[in-house]
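Asker: Sharing a structure, written as structure tokens. Questions coming.
The values are calculated or read from the model by the stated rules, or taken from the named source; none is laboratory data. As the structure is a computational prediction, the values presented were derived from the model and not from experiment. Cβ coordinates were reconstructed from backbone atoms using ideal geometry, including for glycine residues, and neighbour counts include every protein chain displayed. These area figures cover heavy atoms from the full protein model, side chains too; ligands, DNA and RNA do not enter into them. Shrake-Rupley method; radii C 1.70, N 1.55, O 1.52, S 1.80 Å.
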Amino acid sequence: MPIVVRIDVELARRKLSVGEFAEQVGISLANVAVLKNGRAKAVRFSTLAAMCEALQCQPGDLLEWISDADEGRPSDG
């Protein structure tokens with residue numbers, strides 16, 4: 001999948017648990033897992049905004065586009 005979700009990176013930088021993050025964003029732990037594991041088909045802008053607010057980051061800090069040609073190669077993130 002060309003879009004990679006980098007929630008783990010931002011959580012680690014802030015030493016924030018998945019449970020605390022889910023509570024602050026207002027989504028279930030299961031939905032956080034779906035996002036983290038790259039199984040999400042869509043993200044509402046309101047959810048993305050809440051994630052950015054909870055992590056004090058920009059959407060680009062959470063989402064990265066990887067071209068199909070680069071898929072399988074390790075990323076710099």
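Asker: Which order do 20, 53 take by accessible area at a 1.4 Å probe, largest first?
Answerer: Putting 20, 53 in descending order of accessible area: 53, 20.
Asker: Further question on the same structure: Of the trypsin sites (Lys or Arg not before Pro) in region 13-53, which ones lie in a loop per DSSP and count no more than 11 other C-beta atoms within 10 Å?
Answerer: Passing sites in region 13-53 are 15, 39, 41, 44.
Asker: Using a 1.4 angstrom probe, figure out how much accessible area the chain has per residue, in square angstrom, rounded to the nearest whole.
Answerer: In whole numbers, the chain has 69 Å² accessible per residue.
Asker: Run the paramagnetic zone check for residue 58: 7 angstrom along Cα to Cβ, then residues of region 1-42 with backbone nitrogen under 19 Å.
Answerer: Within reach of a label on residue 58, which here means backbone N under 19 Å from a point 7 Å along Cα→Cβ, region 1-42 contributes 3-11, 13-14.
Asker: Got a number for carbon plus sulfur as a percent of the chain's accessible area, 1.4 Å probe?
Answerer: 52 percent
Asker: How large is Rg over Rh for the chain, taking Rg from the Cα atoms and Rh as the Kirkwood inverse mean of 1/r across Cα pairs?
Answerer: Looking at the chain, the ratio lands at 0.96.
Asker: Can you give the extra length, in nm with one decimal, that the chain gains between residue 65 and residue 20 once fully stretched, where that is 0.36 nm per residue apart less the Cα-Cα distance?
Answerer: Gain in length upon complete extension: 13.5 nm.
Asker: Another question, then. Could you work out the helix-only [θ] at 222 nm for the chain, with each DSSP H run of four or more residues adding -39,500 (n - 2.57) and the total divided by the number of residues, to the nearest 500 deg cm²/dmol?
Answerer: That calculation yields -13500 deg cm²/dmol at 222 nm.
Asker: Enumerate the residues in region 7-22 having an amide nitrogen under 18 Å from the point lying 7 Å beyond the Cα of residue 50 toward its Cβ.
Answerer: Taking a point 7 Å out along Cα→Cβ of residue 50, the residues of region 7-22 whose backbone N falls under 18 Å are 7-8, 11, 17-22.
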